[in-house]
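> Here it is, the structure in full.
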Amino acid sequence: MRRLLGFLPALLLGFLPGLAHATEWLAPPAIYPPDMWQGRTVAVVRVLDKLDAHVVLLNVPVGQDMPYKSLTLHATSCLQRPATLPADSAAWLDVHDAHEGMAAFQGWMAVAEPATGVFQNPLYDVQLVGCAGDNVAPMPPPLAAVAAPTEAVPVMDPAVATPNGQPAPSGAAPSVPPAAPQPVSPPLPAMPPEPADEGAAPLMLH
């Protein structure tokens, strides 16, 4: 037992370099846009039947048609505002009435602003209540992966050597002895000015 206890410090010192190399640097948490809306798979719609004053809640799956009496409801998408902002939901709905002469509806309906999208006819009123189901796109992107920082190790270039005979790093400039000063030639003598021909008679050619 004493022998094992005596070997423990040596074993720990042997594992320390390996533990240092195995350290992983964690990426900082990504900051998602605070106004990103979360997609859901179901749009919850309230339908009022004006003939008998009956109100029913319909769960309309996104991408599918939901029939109700003479109505056909289709939800293209349903978005829910994130928890960091005031609660709200919006859905793109298509509502058609099979009765002749009834106008159809196609557009956005918002819970917080019901006047933006309204479907009303003499028989029915349709209004969005909210979103439900599973989370779908758009959704926050995954966390960004950051690689562990690595220390740059200088590479020794044997072609370049330092004055003490050791190879110099490849990134370092080789040491070159200063060149001997070149002799400077004396300046050329200035040419004397040419005498001006003042009062000389012109040369006559015969």
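> What accessible area per residue comes out for the range 31-108, rounded to a whole number of Å², with a 1.4 Å probe?
57 Å²
> Moving to a separate point now. Specify the inter-centroid distance of the range 72-137 and the range 40-70, based on alpha-carbon positions, in whole Å.
10 Å
> Can you give me the long-range amide H partners of ASP88? Hydrogens built in the peptide plane at 1.01 Å from N, cutoff under 5 Å, separation of 5 or more residues or another chain.
ARG81
> What full-extension length gain, to one decimal in nm, is calculated for ASP65 and GLN127 as 0.36 nm per residue of separation minus the Cα-Cα distance?
The span from ASP65 to GLN127 would gain 20.7 nm if fully extended.
> Can you give me the distance in nm between label points at HIS54 and THR76, each placed 7 Å from the Cα along the Cα-to-Cβ direction?
Between HIS54 and THR76, the label points sit 3.1 nm apart.
The values are calculated or read from the model by the stated rules, or taken from the named source; none is laboratory data. Owing to the predicted nature of the structure, the values given are computational and were not obtained by experimental measurement. Cβ atoms come from the backbone with ideal geometry, glycine included; neighbour counts cover every protein chain shown. To get the accessible areas, we keep the full protein, side chains included, count just its heavy atoms, and leave off ligands, DNA and RNA. Shrake-Rupley method; radii C 1.70, N 1.55, O 1.52, S 1.80 Å.
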